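Student: Before I ask anything, here is the structure I am working with.
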Amino acid sequence: MDLGHCVVCGKQGKTPDNFICSDCGDPLETTLFCRNCHKRLTLNPGTARAFLAENGYDFEDVRGVILKVDHCGDCMADDSVVDMDVYRLRFGR
Ligand SMILES: [Zn+2]
Ligand SMILES: [Zn+2]
C-alpha cells in the first residue's frame, strides 16, 4: 500500500490519503513553506492577503492558507521569479 504524504513538505503519513501535516498548516495562521530551504514562516494576515492578491488569489479569510514557494526571501536569487502553490486547510468536514 502506498502511503500518503504531506502535500506541502512531503512527510509521509500513516494512511493512503495525502494530507497537510500539522507542521505545515495552522488553521489560525497563514504559513509560508519554502521548497528550497524547507523553512516555514508565519505570515501576518495583511501581508498574506496582499501577496496572494498580487498573484491572483483572492481570499477573504487567509487563516489556514499555506503558500508553498520555490524560494523564500532568504534563499532567493536576485533574478528568480517566485513560483507558488496555494493550499488551504479544510474546515468543518
Ligand atoms: Zn508537512
Ligand atoms: Zn528559502
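We did not get these values from a lab; they are worked out from the coordinates using the rules stated. Since we're looking at a predicted model, the values are computed, not measured. Glycine gets a Cβ as well: all are built from the backbone with ideal geometry, and neighbour counts include every protein chain shown.
Student: Using 0.36 nm per residue of separation minus the Cα-Cα distance, give me the extension gain between Asn55 and Val86 in nm, one decimal.
Tutor: On the way: separation 31, 0.36 × 31 = 11.16 nm, distance 1.02 nm.
Extending this stretch completely gives an extra 10.1 nm.
Student: Check each of the GluC sites (Glu not before Pro) in the chain and keep only those in coil by DSSP with at most 13 other C-beta atoms within 10 angstrom; list them in order.
Tutor: Glu60
Student: Might you report the magnitude of the Cβ-based charge dipole of the chain about its Cα centre, with Lys and Arg at +1 and Asp and Glu at -1, to the nearest 20 debye?
Tutor: Using Cβ point charges on Lys, Arg, Asp and Glu, the chain gives about 460 debye.
Student: If one takes the longest principal axis of the Cα atoms in the chain, at what angle in degrees, from 0 to 90 and to the nearest 10, does the Cα axis of helix 45-54 lie?
Tutor: 80 degrees
Student: Determine the sum of side-chain charges near Asp61: Lys and Arg each +1, Asp and Glu each -1, restricted to other residues whose C-beta is under 10 angstrom from that of Asp61.
Tutor: Here the count lands on +2.
Student: Let me ask something else. FRET efficiency for Leu28 and Asp2, Cβ-Cβ distance as r, R0 = 25 Å, nearest 0.05?
Tutor: 0.20
Student: Can you compute the label reach from Cys75? Point 7 Å from Cα along the Cβ direction, backbone N cut-off under 19 Å, restricted to region 28-52.
Tutor: 31-43
Student: Which one, Asn36, Cys21, Val81, is farthest towards the positive end of the dipole of the chain when Lys and Arg carry +1 and Asp and Glu -1 on their Cβ?
Tutor: Comparing the listed Cα positions along the dipole, Cys21 ranks first.
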